[in-house]
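A.B. asks: First, the structure itself, so that you have it in front of you.
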């Protein structure tokens with residue numbers, strides 16, 4: 001590279017460093033504030049868990065005013081302190097029920113490991129159990145009695161309210177032949193009026209529980225609340241609750257909000273999701289969809305020093321009146337498990353939309369199917385990704401060869417292009433016209449070398465979306481990589497993670513560019529030098545499987561370039577210009593000529 005190119009690359013790297021510095025300065029204090037606020041709230045909660053001392057202000061880090069502000073107040077919310085019973089689904093999932101709030105306190109996925117190699121627990125330590133009833137966001141109706149029948153996998157909750165309304169909730173763990181087994185629980189809620197007068201109730205909500213990152217390296221952007229209506233999914237992520245500001249300027253355009261609320265007819269299901277797991281609450285799909293939904297954000301602690309946000313939400317239904325002796329029933333289906341595309345499809349109401357594959361979803365679904373198929377033969381997801389990459393590159397080999405030849409033609413045409421640029425440097429319009437004429441004369445397509453890259457971009461983003469949600473790669477190892485669904489950090493320098501595969505990926509891109517025939521002007525070539533830096537930033541803290549795929553395809557392309565680089569340069573020959581048609585003797589018949597003359 002010449003001196004100007006090194007300067008250009010240096011400024012590019014400097015820009016990335018300055019952006020990282022700006023992000024740290026701008027958001028660092030906010031994150032630190034959230035950490036301290038979480039510790040303060042935890043200290044107050046610990047103080048309130050036991051009889052308060054005479055001097056509340058003696059609690060470390062808590063003033064009397066803060067203790068008074070955060071002290072518990074009488075609310076309809078139930079506390080999770082009552083009897084618990086668990087129902088197991090074929091030693092693959094345990095559902096822990098709480099008899100006071102009448103719902104699933106925790107769904108334990110025995111086949112999946114989280115932090116500290118413990119089984120993943122969905123909705124762990126939340127005050128809104130899955131299937132709990134509420135009138136207001138975050139306030140569970142308590143006071144239920146519980147009866148369990150582990151042989152049949154049924155848990156029955158009953159409650160009689162002051163006006164005589166009888167509420168019955170029946171949870172049934174699905175059998176092995178049910179769609180979504182073992183992560184599906186059926187829920188039936190019935191309201192019965194045994195009195196001799198009409199009983200009415202305002203709108204109520206059924207909780208989907210909460211979701212939070214399982215692993216300290218899970219990306220918080222995947223923690224979402226989503227709802228599905230008439231074939232379309234809508235939703236928010238945890239950042240929705242923050243105030244909205246204009247980037248760089250910092251002007252606030254919307255204040256922070258504590259609750260997200262949505263009103264819409266016929267909501268089929270709602271979901272709270274983390275990066276690789278989800279809890280979905282579905283209606284029976286027979287014209288009894290929900291009419292409202294809410295979501296709130298909560299502070300979730302993965303371990304000491306790692307705090308993040310979680311989401312909880314519920315599906316609402318309109319109020320009702322019950323005549324004497326009448327009963328009202330509502331059916332639900334609960335899925336609490338991994339984001340497994342094949343399993344979610346079995347549920348039959350579009351639940352696979354929580355995979356969030358985006359605009360290249362068809363590519364993501366094909367890649368996921370192909371990866372799983374190859375893994376079934378190779379018994380290694382890393383080997384499946386490498387082989388899948390080789391198959392894709394082999395299919396694109398003819399196109400890549402054509403693109404390479406096009407670039408070699410462009411390289412051979414460079415002297416003539418340089419002459420035109422020098423000749424018409426003061427007239428860009430004329431210069432561009434002459435360049436296009438030059439390309440046409442010699443039959444060169446200036447964009448021919450870009451076509452393989454354009455085809456590979458959807459594949460790259462398809463892999464990106466697929467790896468961001470699919471459960472298959474969790475805890476799959478490869479060489480030094482402990483988990484292909486996480487960055488391959490081997491150590492840290494001053495708190496900064498050193499991830500090997502993204503660095504190797506960027507190095508392979510530089511190598512590939514160094515041996516690729518040079519086309520375009522110097523500025524275009526300098527811009528292309530940014531690509532390794534952009535891809536490095538893009539994939540550095542993402543699933544290492546993405547870097548493995550892109551590194552493999554780069555190395556394959558390098559081999560292909562070495563196999564073709566020694567071929568003789570193509571000869572440049574002007575295309576033969578077809579002769580213009582010359583006017584010949586008239587072939588018009590004498591009768592027609594005579595008619596024209598008259």
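A.B. asks: At a Förster distance of 35 Å, what's the computed FRET efficiency of residue 346 paired with residue 264, Cβ-Cβ distance as r, to 0.05?
C.D. replies: Details: r = 26 Å, r/R0 = 0.74.
Once the sixth-power term is evaluated, E becomes 0.85.
A.B. asks: For region 255-409, what Kirkwood radius comes out of the mean inverse Cα-Cα distance, in Å? Write down the numbers at each step before the final one.
C.D. replies: Numbers: mean 1/r = 0.0501 Å⁻¹.
When all Cα pairs of region 255-409 are included, the Kirkwood radius is 20.0 Å.
A.B. asks: Calculate the length of the line joining the C-alpha centroid of region 155-194 to that of region 454-503, in whole Å.
C.D. replies: Comparing the Cα centres of region 155-194 and region 454-503, I get a distance of 42 Å.
A.B. asks: Taking a cut-off of 22 Å, what percent of all Cα-Cα pairs in region 84-351 are separated by more than that?
C.D. replies: On the way: 19966 of 35778 pairs.
I get 56 percent for the Cα pairs in region 84-351 exceeding 22 Å.
A.B. asks: What's the center-to-center distance, using Cα atoms, between region 365-420 and region 112-150 in Å?
C.D. replies: Comparing the Cα centres of region 365-420 and region 112-150, I get a distance of 48 Å.
A.B. asks: What FRET efficiency, computed as 1/(1 + (r/R0)^6) with R0 = 35 Å and r the Cβ-Cβ distance, is obtained for residue 86 and residue 299, rounded to the nearest 0.05?
C.D. replies: Numbers: r = 27 Å, r/R0 = 0.76.
My answer for the efficiency is 0.85.
A.B. asks: Any idea what the relative contact order of region 161-264 is, in percent, if you count C-alpha pairs under 8 Å spaced at least 6 apart? Numbers along the way, then the final one.
C.D. replies: Values: 102 pairs, mean separation 15.0, N = 104.
Once normalised by length, the contact order is 14 percent.
Each reported figure results from applying straightforward, stated rules to the coordinates on display, with no laboratory input. Since the structure is predicted, the reported quantities are computational estimates derived from the model, not experimental observations. In this analysis, Cβ positions are derived from the backbone assuming ideal geometry, glycine residues included, and neighbour counts consider all displayed protein chains.
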